[in-house]
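Student: Pasting a structure below so you can have a look.
FYI, it's all coordinate maths here, none of it is from the lab. As the structure is a computational prediction, the values presented were derived from the model and not from experiment. All Cβ positions, glycine included, derive from the backbone under ideal geometry; neighbour counts span all protein chains shown.
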Amino acid sequence: MNSSATFVEERNPTDWQSRAMQQRIRKRYAAERRFKALGISAIILSAGFLAFLMIVMVGNGLRGFTQTELPVEIDFPAMTGGASADQFKGANGPANLRTLGVQDIVNTSVQIQYGEEGSELFSAGGWQAVNQEILKNPQIVETKTTLYLPVESEIDVAFKGSGSETAEDMVAELKDQLSTGFNWNFLTNSDATDPMQVGIWGALKGSLITMFITLLIAFPIGVLSALYLEEYAPKNRFTDLIEVSINNLAAVPSIIFGLLGLAVFLNLFGLPRSAALVGGLTLALMTMPVIVISGRNAVKAVPPSIREAALGIGASQMQVVFHHVLPLALPGILTGTIIGMARALGETAPLLMIGMRAFIATPPGGIVEPATVLPVQIFLWSDEVNRGFVEKTSAAIIVLLLFLLTMNALAIYLRNRFETRW
């Protein structure tokens, strides 16, 4: 009896009260806490790196949207011999302005106010601000007025806190006269040799044209290819080979597509170098596999019951695909397309291979005119030795990030707009 009772007590203890079980439970809870701590640490580290990047970029880039200015008093009636404001109104205004000799008027006014070496204080293209002011307000040619013109790049950098010793001495002498204004040139001009005159509009317009061509070519071909492979193509070795090839193309380094564009579009077809058309075609080749893969996954995610129901009420195969499957797969297709376009927007290597690194002083007027894009413009400015280009590079990065955020926001909107919940 006693041995039997002892045996029952040994075989039926309360497991969760045993010491060994308690140790195992504590180890599991400790492992869970460690994993949770590691996850939180990873998130904090990632957020820290992102915050550091944004602080550095925004801190440097915001200065690129401003410029340091000096006042210049210009006596237009004395300098122009009594020019009339009516001469600079209407369509003939720009032509009459070219004959006025604004640059000489500004140089003379600067020498009168700041001495013989006063022209060294101002940006070489600063006088063009007077042109813009006259066209905007022709009445000033009949008055004596004071205009604020951008200073030379080294003085601008020194006034913002990181210039050379010589420039800092000049800033100390002119401190009471220097002021800061918004740099509209950065939003309206194209590339230039003077960092005070450079602008992002030429590269931004080139990016818009290039991305439009990329989307116009890659989206319809990619979507139709995905629909054919999922809904029509027979399952055999040939289609398996196509699927493997598409997956491999999506992982090919982007510079390879640049070499392909160089060999095919420039050397074989003779298209103009550095044109937005060539850039768009090259990026379309790179983006198309991504669209095909995302499109196939989106089409595959549509429930088979949708197809069966449509076929059951007499719809043809094409009606099933384009009236039922494609609209339901559209959110996934659009999301993948926008992600692929965002990747293409940030590419530099393939565009450098086809020559889109030229000095573009005027925005492109068409798809075959020389153009550049934002990533290439950032690359070119980052290679300049003038300190003034440092903040312009950061400012251009901010514009590129805003462009990417806009595309991602568009992807989220389209996904929510067309999404169907089952």
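Student: By how many nm would the segment from Thr188 to Asn248 lengthen if fully extended, with 0.36 nm per residue of separation less the alpha-carbon distance?
Tutor: 17.5 nm
Student: By the scheme Lys and Arg +1, Asp and Glu -1, what is the net charge of all other residues having a beta-carbon under 14 Å from that of Pro234?
Tutor: Charge balance near Pro234 sits at -2.
Student: Placing +1 at every Lys and Arg Cβ and -1 at every Asp and Glu Cβ, with all other atoms neutral, what dipole size does the chain have around its Cα centre, in debye to the nearest 20?
Tutor: Once rounded to the nearest 20, the dipole reads 2980 debye.
Student: Tell me the GluC sites (Glu not before Pro) within region 108-167 that lie in a loop according to DSSP and have at most 14 other beta-carbon atoms within 10 Å.
Tutor: Taking region 108-167 and a limit of 14 other Cβ atoms within 10 Å, the loop GluC sites (Glu not before Pro) found are Glu116, Glu117.
Student: Measure nothing but the geometry: give the 0 to 90° angle between the long axis through the Cα atoms of 19-64 and the longest principal axis through the Cα atoms of the chain, rounded to 10°.
Tutor: Roughly 20 degrees between the two axes.
Student: Across region 275-292, in residue order, what do the Karplus-derived ³J(HN,Hα) couplings come to in whole Hz, using 6.51 cos²θ - 1.76 cosθ + 1.60 with θ = phi - 60° and x for Gly and Pro?
Tutor: In residue order, the calculated couplings are 8, 5, 4, 5, x, x, 5, 5, 5, 5, 4, 6, 7, 4, x, 5, 5, 5 Hz.
Student: What span do the alpha-carbon atoms of region 291-343 cover on each of the three principal axes, reported in whole Å from largest to smallest?
Tutor: On the principal axes, region 291-343 reaches 42, 15, 14 Å in Cα extent.
Student: Binned at 5 Å from 0, what are the whole-percent values of the Cα-Cα distance distribution for region 87-157, short to long?
Tutor: 3, 15, 27, 23, 16, 10, 5, 1
Student: Ile25 versus Leu271, label points 7 Å from Cα toward the beta carbon: distance in nm?
Tutor: Computed distance between label sites Ile25 and Leu271 equals 6.9 nm.
Student: Once the Cα gyration tensor of region 217-318 is found, what semi-axes does its equivalent ellipsoid get, as square roots of 5 times the eigenvalues, in whole Å, sorted largest first?
Tutor: 34, 15, 11
Student: Also: Treating cross-link reach as a plain straight distance, find the aspartates and glutamates whose alpha-carbon is under 12 Å from the alpha-carbon of Lys235, omitting any fewer than eight places away in the same chain.
Tutor: Cross-link targets: Glu243.
Student: Based on the Cβ-Cβ distance of Glu32 and Val385, what FRET efficiency does E = 1/(1 + (r/R0)^6) give at R0 = 60 Å, to the nearest 0.05?
Tutor: For R0 = 60 Å, the calculated efficiency reads 0.65.
Student: Placing +1 on the Cβ of each Lys and Arg and -1 on the Cβ of each Asp and Glu in the chain, which of Gly202, Thr362, Ser162 has its Cα farthest towards the positive end of the resulting dipole?
Tutor: Of the listed residues, the answer is Gly202.
Student: Output the peptides 330-338, 187-195 sorted from most to least packed, where packing is the average of other Cβ atoms within 10 Å over each peptide's residues.
Tutor: In descending order of packing, they fall as 330-338, 187-195.
Student: Can you list residues whose amide H is under 5 Å from Thr66's amide H, if they're 5+ apart or on another chain and H is modeled 1.01 Å from N?
Tutor: Asn183
Student: Considering only DSSP states other than H, G, I, E and B, which chymotrypsin sites (Phe, Trp or Tyr not before Pro) in region 215-306 qualify as loop sites with at most 11 other Cβ atoms within 10 Å?
Tutor: Loop-located and lightly packed - Phe269.
Student: Right, something else. If I build a Gaussian network model for the chain, linking alpha-carbon pairs within less than 10 angstrom, which residue out of Gln128, Gln197, Gln113 has the largest mean-square fluctuation?
Tutor: For the chain, modelled as a Gaussian network with Cα springs under 10 Å, the answer is Gln113.
Student: If you don't mind, there's one more thing I want to ask. With the convex hull built on the Cα atoms of region 83-216, state its orientation-averaged projected area in nm².
Tutor: 11.0
Student: Something else: Taking every pair of alpha-carbon atoms in region 161-262, what share in percent sits in each 10 Å bin, from 0 to the bin with the longest distance?
Tutor: Values per bin, smallest distances first: 11, 21, 21, 14, 13, 11, 6, 3, 0.
Student: Quick one: what are the phi-derived ³J(HN,Hα) couplings along region 389-394, Karplus 6.51/-1.76/1.60 with θ = phi - 60°, whole Hz, x for glycine and proline?
Tutor: 7, 5, 5, 5, 5, 5
Student: Then there's this: For the chain, what does the helix formula give at 222 nm: sum of -39500 (n - 2.57) over DSSP H segments with n ≥ 4, over the residue count, nearest 500 deg cm²/dmol?
Tutor: When only DSSP H runs of four or more count, the value is -20000 deg cm²/dmol.
Student: Give me P(r) over the chain, computed from all C-alpha to C-alpha distances, binned every 20 Å, as integer percentages.
Tutor: Percent of Cα pairs in each bin: 19, 36, 26, 13, 4, 1, 0.
Student: Using the Karplus equation 6.51 cos²θ - 1.76 cosθ + 1.60 (θ = phi - 60°), what ³J(HN,Hα) coupling, rounded to whole Hz, does each residue of region 206-218 give in order, writing x for Gly and Pro?
Tutor: 3J(HN,Hα) across region 206-218, in whole Hz: x, 5, 4, 5, 5, 5, 5, 5, 4, 5, 4, 9, 6.
Student: Quick one: length gained pulling Asn137 to Leu259 fully straight, 0.36 nm per residue minus the C-alpha distance?
Tutor: 38.8 nm
Student: Moving on. So, in nm, how far is label Ala42 from label Trp201 when the simple model puts each one 7 Å beyond its Cα toward the Cβ?
Tutor: Output for this residue pair reads 4.7 nm.
Student: Relative to the first principal axis of the alpha-carbon coordinates of the chain, what is the inclination of helix 2-11, with its axis defined by its Cα atoms, in degrees from 0 to 90 and to the nearest 10?
Tutor: 30
Student: Same structure, new question: Are there any chymotrypsin sites (Phe, Trp or Tyr not before Pro) in region 324-403 that are in a DSSP loop and have at most 14 other Cβ atoms within 10 Å? List them by number.
Tutor: Sparse-neighbourhood loop chymotrypsin sites (Phe, Trp or Tyr not before Pro): Phe359.
Student: Under a point spin-label approximation (7 Å from Cα along Cα-to-Cβ), what is the Ala358-Phe52 distance to one decimal in nm?
Tutor: 4.1
Student: Near Lys205, which aspartates and glutamates are there with a Cα under 18 Å away, not counting those fewer than 8 places off in the same chain?
Tutor: Asp191, Glu347, Glu369
Student: May I pose another question? For the chain, with a Gaussian network of springs between Cα atoms less than 10 Å apart, report the residue from Ala167, Ala310, Ala218 with the top mean-square fluctuation.
Tutor: Of Ala167, Ala310, Ala218, the most mobile in the Gaussian network model is Ala310.
Student: Dimensions of region 310-379 along principal axes (Cα, Å, largest first)?
Tutor: 61, 22, 18
Student: Moving to a separate point now. Taking 0.36 nm per residue of separation and subtracting the Cα-Cα distance, what length does fully extending Ala233 through Ala172 add?
Tutor: Between Ala233 and Ala172, full extension yields an extra 14.5 nm.
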